[in-house]
Amino acid sequence: MRIAVTGATGQVATSLQERAGPKLEVVALGRPAFDLTDRGAVIAGLETARPDVIVNAAAYTAVDKAEAEEALALRVNGEGAGHVAEAAHRLGVPLLHLSTDYVFDGALDRPYREDDPTGPAGAYGRSKLAGEKEVARRCEDSLILRTAWVYSPFGANFVRTMLRLNETREEVGVVADQLGNPTSALDIADAVIAIAARVKDDSSPTLRGVFHMTGSGEATWADFAEVVFREAEARGRRLTRVKRIATSDYPTPARRPANSRLDNEKLARVYGLSLPDWRRSVAVCCARLLA
């Protein structure tokens, strides 16, 4: 099986390349040659890759910056996703499109299900929702996989930031009134490979549509940080204390959802897939980064 993944240097694309076994070839496509905003480059790049399945993991992800650059975010996350969907349709191959919890406003008092009404609170969420709509419109043979709070041994993410702060700080203030599901990009890659193998050979509509896919269990950002700092301490580093603060104590240009939790029951029911408990995956990630 050959998977073409967009966003060559991103966490998911890097994780897919690492997880590729002898029966899987991953072709990673990225800038400058492969630019989501360039329809011709997207179509040509994917035609050249000759994939069995396409994974669209490329995105504009600067959540706060998007408040001032919404037009650019929409071009990348909205129109760009549409270009990938058009290419998948032309090639006649399934598309797995990664989306986000930010398509919801975070006001619900339970984990969000796939059929709950969307209502982004910021520019980034609006751009990602536009991408979902473009994918659904342009490519029926597609899955939209919403995930959240992604981290890995690669790139810029919360775990790597906390480990960097642990080098010099005795205490760090971390938001404790936002709930979500920390999700390892390596676990996402494993699930994406399993899903891709299914949809490559099975055109059932049941396997298409919107699915939520996050790590098992929930946490606040403060909970997340505490686990990272305990893992660091267990490997001979200082124990950095977490000062639990409110969202209002750490103002940002973009409003974060108070509730980012996603319900993964549909993924388990349809695909038989459940991502590992987030604490276990954080321990694996920290072990690698601190080795």
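Just so you know, all these numbers are worked out from the coordinates, no wet-lab data involved. Every value quoted in this text rests on a predicted model; they were computed, and no experiment measured them. Heads up, the Cβs are rebuilt from the backbone with ideal geometry, glycines too, and the neighbour counts pull from every protein chain shown.
Numbers below:
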quantity: Prolate/oblate/rounded call for the range 1-44, Cα gyration tensor, a/c under 1.5 rounded; calculated: oblate
quantity: Angle between the chain longest axis and helix 278-290 axis [Cα atoms, degrees, rounded to 10]; calculated: 80 degrees
quantity: Which of Val199, Val174, Val84 has the fewest Cβ neighbours within 10 Å, and the rest in rising order; calculated: Val199, Val174, Val84
quantity: Stokes-Einstein D (µm²/s) once Rh is taken as the Kirkwood radius of the range 169-217 over alpha-carbon pairs, at 25 °C in 0.890 mPa s; calculated: 177 µm²/s
quantity: The range 1-87: C-alpha gyration tensor shape, a/c 1.5 cut-off, then a/b vs b/c; calculated: oblate
quantity: Square roots of five times the Cα gyration tensor eigenvalues for the chain, Å; calculated: 31, 21, 18
quantity: Rounded if a/c under 1.5, otherwise prolate or oblate - the range 242-291, Cα gyration tensor axes; calculated: oblate
quantity: Under-5 Å amide H pairs with Ser260, H placed in peptide plane, nonlocal only; calculated: Leu179, Gly180
quantity: Most fluctuating residue given options Glu218, Glu86, Glu170, as computed from a GNM of the chain linking Cα atoms under 10 Å; calculated: Glu170
quantity: Debye equation applied to the C-alpha atoms of the range 53-191, log10 I(q)/I(0) at 0.10, 0.16 Å⁻¹; calculated: -0.38, -0.93
quantity: 5 angstrom amide H check on Ser142, placed H, neighbours 5+ away; calculated: Leu95, Gly209
quantity: Helix 221-234 axis, angle to the chain major axis (alpha carbon atoms, nearest 10°); calculated: 70 degrees
quantity: The chain: angle of helix 80-91 to the longest principal axis, Cα-based, in degrees nearest 10; calculated: 40 degrees
quantity: Kirkwood Rh and Cα Rg combined as Rg over Rh, evaluated for the range 189-291; calculated: 1.07
quantity: Spherically averaged projected area of the range 110-255 from its Cα convex hull (nm²); calculated: 10.5 nm²
quantity: Residue-averaged 222 nm ellipticity for the chain, from DSSP H runs of 4+ at -39500 (n - 2.57), nearest 500; calculated: -11500 deg cm²/dmol
quantity: The range 26-133 - Rg (one decimal) and Dmax (whole number), Cα, Å; calculated: 14.6, 46
